[in-house]
Amino acid sequence: MNPSEIASPRQDASPRSFPSGILMHFSFILAGLGTALLGPILPLLAQQWHLPDARSGLLLTAQFCGAFTGGVSVSRHLRRSLALGLASGGIGFLGFAFAPGLPFACPCLFLGGFGLGQIITSVNIIAGRRYTAHRASALALLNFTWSLGAMLAPLLTAWLSPRIALRSLLLSFGIGFFLIGMLMLAERARSTSTDQAPTASANLPQSSLAPKLFLIFCLLLVFYGGLETCLSGWLTTYALRYGDRSLTISEYTTLLLWAAITGGRALSSAILLHVGTRTVQRACLVLAAALTAALALAHTPALIATCALLLGLSLAPFFPATFALLMNEAPSARQAGIVLAVSGLGAAALPWSMGVLSTATGSLNKALVVPFLAAIALLILTVLPASDPRQTTEARS
């Protein structure tokens, strides 16, 4: 496979496929922004609304409960779910921009999270079905775009929050969902394809996972969603407390995490062409567990930044590798949607648990035991059988 194919995986995509690769990438940039936006602005909201850590964590819980609901309710008509996700995200985040406090902010974040869940799940399933050749590499490249959006969240927040009101920043973000929705309508008007991409149904048999295998993949995504969100959601606050830095510099620490995840996704797209998917999956978890422990011991700005950078690189390959392994098993659309959606449960529960533990112990540092144990649990799960025993060849797509 040559480098140009890696950069734009179109092995199974028709030039007239709808949604187009461009639309999926634009949607994923927006989804990445929405997923990561709350972490960098959490200290601002906590100060503005006088929230302790336990109540601040409710904002993360609301958003990711919404993401779970959105993901698990994705229709088999994936394009409809994408359109619904864009509309829900726009309405939810516009409402959040005008929220006067926690009671109104949580329902708005739930609706915004619902939209994110619909977008992320529908686009991942469409891409997983469309790009059957070198699936893991193609998914890593698509999720590079998602990570790019997530990286932009702390960057834009750090740059713009001293210059414009937080409400204006959130309003601009909410409007972005409607702009992408208009792009989708324009593309739909030009498209003559059916509601499901022909290559998807032709190349992926409509089977279903065995219950045990389905449970393993669900648990993998639950713990990974919690691990990533614990780190991204609380890193700005952690750097502010233990790194002796300003809020703006602490937001740049979170930017380092997302920059590393973004660069790591691009790198893993190439690595997954040559290294076994499960090998990459397990290696990144060993590093993530070790680096989370190191972060708990880091109390200088340089060490915290270094840990954030290395953690991002270690986390980068896990999701595309795991979802590629899932799609290799040819799950039904409903099963794939549920597996993706349950990551929202982990993303809702584990960061909230960190906030509760931090408040109870008086130390956000000690609360890092939550993502550390999540990484260990993931490592244990990857040792369990991850495919039908009749399939003996390790997936390298």
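Quick one: angle between helix 21-49 and the longest Cα principal axis of the chain, in degrees between 0 and 90, rounded to 10, please.
With rounding to tens, the tilt is 20 degrees.
Extent of the chain along each principal axis, from alpha carbon coordinates, in Å, largest to smallest?
Principal axes ranked by extent give 54, 45, 38 Å for the Cα atoms.
For the chain, which longest stretch is free of loop sites, where a loop site is one of the trypsin sites (Lys or Arg not before Pro) that DSSP puts outside H, G, I, E and B and that has at most 16 other Cβ atoms within 10 Å?
It runs 164-389.
Could you give the angle, 0 to 90 degrees to the nearest 10, between helix 369-383's Cα long axis and the longest principal axis of the Cα atoms of the chain?
The two axes meet at around 20 degrees.
Looking at PRO371, VAL280, GLN48, which one has the Cα that reaches farthest to the positive end of the dipole of the stretch 17-383 (charges on Cβ: Lys, Arg +1; Asp, Glu -1)?
The Cα lying farthest towards the positive end belongs to VAL280.
With the contact rule set at Cα under 8 Å and sequence spacing of 6 or more, what percent relative contact order holds for the chain?
It rounds to 27 percent for the chain.
Could you tell me which of rounded, prolate or oblate describes the stretch 108-175, using a ≥ b ≥ c as the square roots of the eigenvalues of the alpha-carbon gyration tensor, with rounded for a/c under 1.5 and, failing that, prolate when a/b is larger than b/c and oblate otherwise?
In terms of gyration-tensor shape, oblate.
Under a crude label model (7 Å from the Cα following the beta-carbon direction), how far is ALA54 from ARG188 in nanometres?
So the label points at ALA54 and ARG188 sit 4.5 nm apart.
With a 10 Å cut-off between alpha carbons and a GNM built on the chain, which of ALA290, ALA375, ALA36 moves the most?
The residue with the greatest mean-square fluctuation here is ALA290.
Beyond 16 Å, how much of the Cα-Cα pair distribution for the stretch 337-377 remains, as a whole percent? Don't skip to the end; give the middle numbers.
Numbers: 334 of 820 pairs.
In whole percent, the long-distance tail amounts to 41.
Mind putting a number on the dipole of the chain about its Cα centre? Charges go on the C-beta only, +1 for Lys and Arg and -1 for Asp and Glu, and I need it in Debye to the nearest 20.
480 debye
Using the Kirkwood radius built from alpha carbon pairs, what does the Stokes-Einstein equation give as D for the stretch 267-370 at 37 °C and 0.692 mPa s, in µm² per second?
The calculation lands on 209 µm²/s.
With a point put 7 Å past each Cα toward its Cβ, work out how far LEU160 is from LEU303 in nm, to one decimal.
So the label points at LEU160 and LEU303 sit 3.5 nm apart.
Express the relative contact order of the stretch 229-313 as a whole percentage, based on alpha carbon pairs under 8 Å and six or more residues apart in sequence.
On the way: 72 pairs, mean separation 35.8, N = 85.
Worked out over the stretch 229-313, it gives 42 percent.
Using the alpha-carbon atoms, what tilt in degrees (0 to 90, nearest 10) does helix 301-315 show relative to the longest principal axis of the chain?
It works out to around 20 degrees.
Starting at the first residue of the stretch 319-332, write each ³J(HN,Hα) from the Karplus equation 6.51 cos²θ - 1.76 cosθ + 1.60 with θ = phi - 60°, in whole Hz, x for Gly and Pro.
So the J values, rounded to whole Hz, are 5, x, 5, 5, 5, 5, 4, 4, 5, 4, 8, 6, x, 5.
Under a GNM of the chain (C-alpha, springs under 10 Å), which listed residue has the highest mean-square fluctuation: SER168, SER353, SER246?
SER246
Karplus couplings for the stretch 96-109 from phi (6.51 cos²θ - 1.76 cosθ + 1.60, θ = phi - 60°), rounded to Hz, Gly and Pro as x?
4, 4, 9, 5, x, x, 4, x, 8, 5, 4, x, 5, 5
Read-outs throughout are calculated quantities, based only on the coordinates presented, and are distinct from any laboratory measurement. Quick caveat: nothing in here was measured; it's all calculated off a predicted structure. Neighbour counts are summed over all protein chains in view; Cβ atoms, including those assigned to glycine, are modelled from backbone coordinates with ideal geometry.
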